[in-house]
Amino acid sequence: MVRRLWAAVAASSLAVVGAVVVIGLNSTASAAVGGTGTGYLSTRGNQIIDAGGNPVRLTGINWFGMETDNKTFHGLWARPWRDHIDQMASLGYNTLRVPFSEDALKPGATANSVDGYTNPDLQGLTPLQILDKVVAYAGTKGMRILLDRHRPTSAGQSALWYVSATPESTWISNWRSLAQHYANNPTVVGADLHNEPHADGTDPNGTGSCWGCGDVNRDWRLAAERAGNAILEVNPNWLIVVEGVSCPSGGNANAWDNIPDEPCGWWGGNLSKAGQFPVRLNKANKLVYSAHEYGNSVYHQAWFDDPAFPNNLPAIWDQFWGYLEKQNIAPVLVGEFGSTLQSPQDVLWLKKLMEYMGTGVTGMDFTYWSWNPNSGDTGGIVGDDWKTVNQQKQSILQPYLIPPVGGTNPTGSVSPSRSVSPSVSTSPSGNTGTGSCTATVRIDNAWQGGYQAAVTVKNTGSAAVNPFSITWTVPSGVTLASGWNATVTQSGTTFTAAGPSWAPSLAAGASVSVGFTANGPSTPAPSNVKLNGVTCS
């Protein structure tokens, strides 16, 4: 179990290494029209826009684990990692918010609880190398990645953005390193600087994160400026996502001291002072504010007792963060919201929240908490088997999702360190190749109802094969689920792997390994492998 957040007190009461590449099938224009955008993202008023100025709406999901002692995504013990992403994309989530802690970035950090049989290609990789693979593959789906510094250490969250083990200097240095690491990959859209800064102690003697109080050691707004501008120095293309606090003073309210209390909200959910004290970035069109919002089952806030519930909620959201959107100040990303929905009141809350955020590409951005079923207070979109969808939740969210548009990778990059040149031609050129080849087929993993395999082909001819196309035959009834390292398609019992646009040529003596997952039995194995129509030995 992970997390995490307990609400602050409400006002009136206690209250790139190894990256795998897949090239998809649709155009960048489709991505722009579809709302996921192409290239780097910026802001215009309250709207996130892509490199062409097209409106973008991030409708995503949180997949946690990298912030815990496991130091990598949870559920890698349950099913192949690509299957998670495939399912997220198929359900309509176009963005993946990835929580992490500084412990996952330390030299020698080890990823735990990755099943070797289920995910053999992740064995021995560092947490960052696993993240690289997820980034590369998610990008081919048309998805975006938002990195979330969730905890300063895996031990737990903190009221301030720093603790003794992770001073501010380390926080900023690590963000700069990540920004440089993904500087050439617009799949990674930005930095959620620190998760849920919140009050500590009791007002007027608060010791937690304040907003606009001017104390350099506690004013989260000033810290966000320092970190955001430091990131933009090394990667001017990222969005800087700044969450709210819980109580603007940085101290919890006290209902018994006869002193009027300020409005307090969820950890990270109070941006009521951002209009008066805005975050000032050197690139103003990179700022996105973020709020967290939860149902009554997570914590009993006073507003849940209002006789007007749930119709009282929009005014509360207006006060805490919605005004930033409504007054065209900046976009707001609702970075976390969720519930088990076991309470009928929570169902009303979620429906009202989705209605408030609006439909279509101009609606508010959001990332639902969470994909994981092992979030103790909310559960997940998938159940304990990490596969079965919670249809009650999905049905409420579905009308508001902007599905990712797979195809020419909206990243403009095939890995964190390799850029795609727009001048690369995908048309045949040079020797189309008919020479000779050798092939091996390897079943990497099998389970009831499916398997994962790799077809490796070596060009043993004397000339390059350009563009290359590999075919193989599968038994009747076997269907393609996903593919990587080429554009993999199916027609009848034939699978075809076409050379990607960024590497269409298979040089003489060179090899390519095309991976895929399929539905159906793994025996008999794929056979009759051919390179551009020539049977391989």
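The values are calculated or read from the model by the stated rules, or taken from the named source; none is laboratory data. What you are looking at is a predicted structure, and each value in this text was computed from that prediction instead of being measured. So basically every Cβ, Gly included, is an ideal-geometry build from the backbone, and we count neighbours across all protein chains shown. For accessibility, only protein heavy atoms count, side chains too; no ligands or nucleic acids. Shrake-Rupley method; radii C 1.70, N 1.55, O 1.52, S 1.80 Å.
Compute the separation of the alpha-carbon centres of segment 289-320 and segment 66-89 and state it in Å as a whole number.
Value for the Cα centre distance between the two parts: 31 Å.
Under 5 Å between amide H atoms, partner at least 5 residues away or on a different chain: which partners does T59 have, H built in plane at 1.01 Å?
N94, T95, F366, I402
State the antiparallel share, in %, of DSSP beta bridges confined to the chain, rounding to the nearest 5.
Values: 51 of 84 bridges.
Among the beta bridges of the chain, antiparallel pairing accounts for roughly 60 percent.
Rounded to the nearest 20 Debye, what is the dipole magnitude of segment 58-115 about its Cα centre when Lys and Arg each give +1 and Asp and Glu each give -1 at the C-beta?
Value, rounded to 20: 120 debye.
What spacing in nm lies between the two simple spin-label points modelled at H300 and S90, each 7 Å away from Cα in the Cβ direction?
4.2 nm
Calculated from DSSP H runs of 4 or more alone, at -39500 (n - 2.57) each and per residue, what is the 222 nm mean residue ellipticity of the chain, nearest 500?
The per-residue figure over the chain is -5000 deg cm²/dmol.
Rg/Rh for the chain: what does it come to with C-alpha atoms and Rh from Kirkwood?
That ratio equals 1.01.
Considering only DSSP states other than H, G, I, E and B, which chymotrypsin sites (Phe, Trp or Tyr not before Pro) in segment 156-244 qualify as loop sites with at most 11 other Cβ atoms within 10 Å?
Answer in residue order: no site qualifies.
May I ask you to derive the FRET efficiency for D215 and W77 from their Cβ-Cβ distance with R0 = 60 Å, giving the value to the nearest 0.05?
It comes to 0.85.
Would you mind telling me the share, in percent, of accessible area of the chain contributed by carbon and sulfur at probe 1.4 angstrom?
The computed percentage sits at 52.
By average Cβ neighbour count within 10 Å, what is the ranking of 194-203, 245-254, 371-380 from highest down?
Details: 194-203: 24.4, 245-254: 26.9, 371-380: 21.3.
Result, highest mean Cβ count within 10 Å first: 245-254, 194-203, 371-380.
Bin all alpha-carbon pair distances of segment 172-286 at 10 Å intervals from 0 and give each bin's fraction as a whole percent.
15, 41, 27, 12, 4, 0
By DSSP, what percent of the beta bridges with both residues in segment 120-250 are antiparallel, rounded to the nearest 5?
Values: 2 of 10 bridges.
Within segment 120-250, antiparallel bridges account for around 20 percent of the total.
Which value, in Å², gives the accessible area per residue of the chain when a 1.4 Å probe is used on the protein heavy atoms?
Ligands and nucleic acids excluded, the figure is 35 Å² per residue.
What is the distance, in nm, between label points placed 7 Å from the Cα along the Cα-to-Cβ direction at S513 and at S491?
2.9 nm
Please report how many Lys pairs in the chain have alpha carbons closer than 22 angstrom, counting only residues at least 8 apart along the chain or sitting on separate chains.
17
Largest first, how would R149, R280, R221 line up by accessible area (1.4 Å probe)? All intermediate terms of the calculation are to be shown ahead of the outcome.
On the way: R149 0, R280 125, R221 25 Å².
Greatest to least solvent exposure: R280, R221, R149.
Can you order the peptides 326-335, 53-62, 351-360 by their average number of other Cβ atoms within 10 Å per residue, highest first?
Ranking the peptides 326-335, 53-62, 351-360 by packing returns 53-62, 326-335, 351-360.
Under the Karplus relation 6.51 cos²θ - 1.76 cosθ + 1.60, θ = phi - 60°, what is the ordered set of whole-Hz ³J(HN,Hα) values for segment 525-537, x standing for Gly and Pro?
With the stated coefficients, segment 525-537 comes to 6, x, 8, 6, 6, 10, 10, 6, x, 9, 5, 8, 8 Hz.
So, counting K/R as plus one and D/E as minus one, what does the shell of residues with Cβ under 14 Å around Q342 add up to?
-1
Any idea what the dipole of segment 60-180 comes to, in debye rounded to 20, about its Cα centre with Lys/Arg Cβ at +1 and Asp/Glu Cβ at -1?
Value, rounded to 20: 240 debye.
Hey, can you rank 88-99, 130-141 by average C-beta count inside 10 Å, highest first?
130-141, 88-99
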